[in-house]
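Asker: Structure incoming, see below.
Every number here is computed from the coordinates shown, using simple stated rules; none is lab data. Source: prediction; values computed, not measured. Every residue, glycine among them, receives a Cβ derived from its backbone with ideal geometry; neighbour counts consider all protein chains shown.
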Amino acid sequence: MKTILITGGAGFIGSHVVRRFVKKYPQYKILNLDKLTYAGNLANLRDIENEPNYGFIKADIVDAERMNQIFRENNVESVIHLAAESHVDRSISNPMEFIFTNIIGTVNLLNAARIAWQDKMEDKRFYHISTDEVYGSLGETGTFLETTAYDPRSPYSASKASSDHLVRAYFHTYKLPVVISNCSNNYGPFQFPEKLIPLSINNIRNNKPIPIYGKGENIRDWLFVEDHANAIDLIFHEGKNGETYNIGGNNEWTNISLILLLCKIMDRKLGRADGTSEKLITYVKDRAGHDLRYAIDSTKIQHELGWKPSLQFEEGLDKTVDWYLENEEWMNNITSGDYQKYYENQYVKR
Ligand code: NAD
Ligand code: TYD
């Protein structure tokens, strides 16, 4: 049985990737390595936790010796590396966690793989999951290509850019068989409600203000999380070593137009009069260094690997809202305790 180590599998995207691989590939042993930070939640994987080809290891990727030990003891043959500190606002208030996990944690995994695989690299793979935010901020036109120069502007994106550079350096220096993908904003079930879409769904449900930074004119490209998991599956199996693949939804929205659409869907689902939820929109102080626009050119993965997004945004958002409304308990469990403190610091005290 081939053993694949998936880091960050208890988080948002990681849990979709773990679920997909466990169900689709019974011939692989899927080891989920996660520190279970505030963003990691084993409840995201309840439906597959007893599958015979699934295992969980609670560990911190910043612990180098532990990473070496895990590679030694489990005969790890491939890595899909998603573990990261992932929220831009948290990187602004506390950058060091991002430096430790995203940079040092990634190097620890690269070193563990290099040591464990030194005698035979051919059938191995180290797949690093990254973000479009490494490319910086676009003006009104243009898109990010795989060849676009890096220009990260937040501690989060700078830490991800740094880890991407290190992954490429290990390919060139040590011939480590790496592949990287850079994806746009994901949305869907199991996303922690610090991010725009689940935060807004939760606030609308509870009749609380929907905080919009600045004028709401910033633009993001949104992709349904299962379309990202599908792309990861394809790249893992068919991507070329040393290559980068951009993944995007070809689906740009200003934050305000996205929230207006979400409000309409929520009014309909909650049986509220059209226009009710919109009244909750509240403009708040802008994020420091707020990137204006991200947009991805995903021609390469479409042409080379035959990937394309499967869902229209309206359909994906509808499905996402249904999931959050049907899983109130999941939301209530993670919004008690520490989440309240985070929320007050982020939105009330500034
Ligand atoms: P997330 O914050 O939901 O999950 C991150 C997971 O990593 C959590 O389970 C957490 O417990 C774990 N983790 C954090 N620090 C760790 C450490 N030191 N050791 C071990 N585990 C640790 O993040 P996400 O949104 O699922 O993002 C996953 C990956 O995809 C990240 O690398 C992120 O940069 C990238 N990405 C995210 C998006 C997006 O829109 N969410 C888009 C493109 C790329
Ligand atoms: P977010 O979900 O944090 O993702 P990212 O910063 O990685 O793109 O934010 C998406 C967009 O929504 C971004 O332009 C910031 C904005 N935003 C708000 O306007 N209000 C909020 O409360 C949050 C969390 C984000």
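Asker: Provide the convex hull volume over Cα atoms per residue for the range 48-102, in Å³.
Answerer: Hull volume normalised by residue count: 111 Å³.
Asker: If you average the alpha carbon positions of the range 283-315 and of the range 62-104, how far apart do those two centres end up, in angstrom?
Answerer: 24 Å
Asker: Go through 65-78, 106-119, 184-197 and give me the packing order, highest mean Cβ count within 10 Å leading.
Answerer: On the way: 65-78: 16.7, 106-119: 19.4, 184-197: 21.8.
The densest-packed peptide leads the list: 184-197, 106-119, 65-78.
Asker: Given 37 °C and 0.692 mPa s, compute D for the chain with the Stokes-Einstein relation, Rh being the Kirkwood radius over Cα pairs; round to the nearest whole µm²/s.
Answerer: Estimated via Stokes-Einstein, D reaches 159 µm²/s.
Asker: Hey, another quick one. May I ask for the Kirkwood hydrodynamic radius of the range 99-155, worked out over all distinct Cα pairs and given in angstroms to one decimal?
Answerer: 14.0 Å
Asker: Once the Cα atoms of the range 58-193 are picked out, what are the Rg and Dmax in Å?
Answerer: Every Cα atom of the range 58-193 included, Rg and Dmax give 15.6, 51 Å.
Asker: If you count the DSSP beta bridges with both ends in the chain, what percent of them are antiparallel, to the nearest 5? Working shown, then result.
Answerer: On the way: 3 of 41 bridges.
Of the beta bridges lying entirely in the chain, close to 5 percent run antiparallel.
Asker: Given charges of +1 on the Cβ of Lys and Arg and -1 on the Cβ of Asp and Glu, with all other atoms neutral, how large is the dipole of the chain about its Cα centre, in debye to the nearest 20? Could the numbers behind the result be given before it?
Answerer: Details: 40 positive and 46 negative charges, 83 e Å.
Around 400 debye, computed over the chain.
Asker: With 5 Å bins from zero, work out the P(r) of the range 278-350 over every alpha carbon pair and list the percent per bin.
Answerer: 3, 10, 9, 12, 18, 19, 14, 9, 5, 1
Asker: Continuing with the same structure: I need the peptides 156-167, 282-293, 5-16, 91-102 ranked by packing, meaning the mean over residues of other C-beta atoms within 10 angstrom, with the highest value on top.
Answerer: Sorting 156-167, 282-293, 5-16, 91-102 by mean packing, highest first, produces 5-16, 156-167, 91-102, 282-293.
Asker: Here is a follow-up. Averaged across orientations, what area in nm² does the convex hull of the alpha carbons in the range 242-305 project?
Answerer: Taking the Cα atoms of the range 242-305, their convex hull projects to 7.2 nm² on average.
Asker: If packing is taken as the average number of other Cβ atoms within 10 Å across a peptide's residues, how do 240-248, 327-335, 81-89 rank, most packed first?
Answerer: Per-residue Cβ counts within 10 Å, averaged per peptide and sorted highest first, yield 81-89, 240-248, 327-335.
Asker: One quarter of the convex hull surface, Cα atoms only: what value does that give for the range 177-322 in nm²?
Answerer: Mean projected area of the Cα convex hull: 9.3 nm².
Asker: If you don't mind, there's one more thing I want to ask. Which one, N108, I129, S162, is farthest towards the positive end of the dipole of the range 107-185 when Lys and Arg carry +1 and Asp and Glu -1 on their Cβ?
Answerer: Among N108, I129, S162, the one farthest towards the positive end of the dipole of the range 107-185 is N108.
Asker: Using only Cα atoms, locate the centre of the range 323-346 and the centre of the range 24-60, then give the distance between them in Å, rounded to an integer.
Answerer: Here the two parts' Cα centres lie 22 Å apart.
Asker: So what's the projected area for the range 7-117, the Cα convex hull averaged over all directions, in nm²?
Answerer: That works out to 6.7 nm².
Asker: Collect residues whose amide H, placed 1.01 Å from N in the peptide plane, falls under 5 Å from the amide H of Y213; neighbours closer than 5 in sequence don't count.
Answerer: Distant-sequence amide H within range of Y213: V284.
Asker: Taking H placed 1.01 Å from N in the peptide plane, check which residues at least 5 places from G242 or on another chain put their amide H under 5 Å from its amide H.
Answerer: Result for G242 returns V178, V179.
Asker: Using only the Cα atoms of the range 183-236, what do you get for the radius of gyration and for Dmax, in Å?
Answerer: 13.6, 42
Asker: Starting from the Cα coordinates of the range 1-69, work out the convex hull volume and express it per residue in Å³.
Answerer: Values: hull volume 5.2 nm³, N = 69.
Normalising the Cα hull of the range 1-69 by residue number yields 76 Å³.
Asker: Who wins for biggest fluctuation among N182, N203, N41 in a Gaussian network model of the chain, springs between alpha carbons below 10 Å?
Answerer: N203
Asker: Applying the Karplus parametrisation 6.51 cos²θ - 1.76 cosθ + 1.60 with θ = phi - 60° to the phi angles of the range 40-45, what ³J(HN,Hα) value in whole Hz is obtained for each residue in order, glycine and proline being reported as x?
Answerer: x, 8, 5, 4, 5, 10
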